[in-house]
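Trainee: There's a structure below that I have some questions on.
The values are calculated or read from the model by the stated rules, or taken from the named source; none is laboratory data. All of these numbers come straight from a predicted model, not from anything done at the bench. Heads up, the Cβs are rebuilt from the backbone with ideal geometry, glycines too, and the neighbour counts pull from every protein chain shown. Calculation scope for accessible area: heavy atoms of the full protein, side chains included, ligands and nucleic acids excluded. Shrake-Rupley method; radii C 1.70, N 1.55, O 1.52, S 1.80 Å.
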Amino acid sequence: MPAPTPDTLRTLTETLSDLTEYLRENPDPAEALALVEPLLDEYTGLPVQLADTLRALARTVQEHQAIPRTAHVDLLIAELRSAAWEQTDQHTLHYVLDKLRALHDDAESEQGCSRCR
């Protein structure tokens, strides 16, 4: 697998920005939930991936020979790891999507289709 580049990651963040802009245009809730669902997957979603990335970065910095072992570096590594735990705590957001989807489905079924009204 080729190493990621800053450009590929910028493309990724631009796509996320595009999604945000699209959601601000008030699309159908079912479509919005479907678009966000992969981002909040409990195993592969952004919170889990970002947490893993932060931990990997902390490990890379900690184990690199050229980076001095100082109290300041240790503090920065600890901050990365703390941020990783905070992101990991957000993995439960997929439950919020499940609840929103259920509320939307209930509201849709109560309204019925246009032929039934």
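Trainee: Answer with yes or no whether Glu42 is at pLDDT below 95 and under 24 Å from Asp105 (Cα atoms).
Mentor: So Glu42 passes the test.
Trainee: For residues in segment 20-50 being among the small types (Gly, Ala, Ser) and free of Cβ contacts under 8 Å to residues at least 40 places away in the same chain, which is surrounded by the most Cβ atoms within 10 Å (Cβ to Cβ)?
Mentor: Filtering segment 20-50 for residues that are among the small types (Gly, Ala, Ser) and free of Cβ contacts under 8 Å to residues at least 40 places away in the same chain, the one surrounded by the most Cβ atoms within 10 Å (Cβ to Cβ) comes out as Ala32.
Trainee: Within segment 4-19, which residues are open to solvent by 80 Å² or more (accessible area, probe 1.4 Å) and of a type outside the set (S, T, N, Q)?
Mentor: Listed by number, the residues that qualify are Pro4, Pro6, Asp7, Leu9, Arg10, Leu12, Glu14, Asp18.
Trainee: Which numbered condition trips up Pro29, out of (1) modelled with pLDDT of 95 or more; (2) more than 18 Å from His91 (Cβ to Cβ)?
Mentor: Result: Pro29 passes all but (1).
Trainee: If the requirement is being at pLDDT below 95 and part of a loop (DSSP other than H, G, I, E, B), which of these qualifies: Arg101, Arg69?
Mentor: That would be Arg69, the only listed residue that is at pLDDT below 95 and part of a loop (DSSP other than H, G, I, E, B).
Trainee: Considering segment 1-24 alone, what residues qualify as being of a type in the set (Val, Ile, Thr) and either touching a helix residue (DSSP H, G or I) at 6+ places or on another chain (Cβ under 8 Å) or within 20 Å of Glu37 (Cα to Cα) (or both)?
Mentor: Of everything in segment 1-24, those that are of a type in the set (Val, Ile, Thr) and either touching a helix residue (DSSP H, G or I) at 6+ places or on another chain (Cβ under 8 Å) or within 20 Å of Glu37 (Cα to Cα) (or both) turn out to be Thr11, Thr13, Thr15, Thr20.
Residue-wise test of (1) open to solvent by 80 Å² or more (accessible area, probe 1.4 Å); (2) aliphatic (A, V, I, L, M); (3) over 30 Å from Pro29 (Cβ atoms).
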site	(1), (2), (3)
Arg59	yes, no, yes
Arg69	yes, no, yes
His72	yes, no, yes
Ala78	no, yes, yes
Asp98	no, no, no
Glu108	yes, no, no
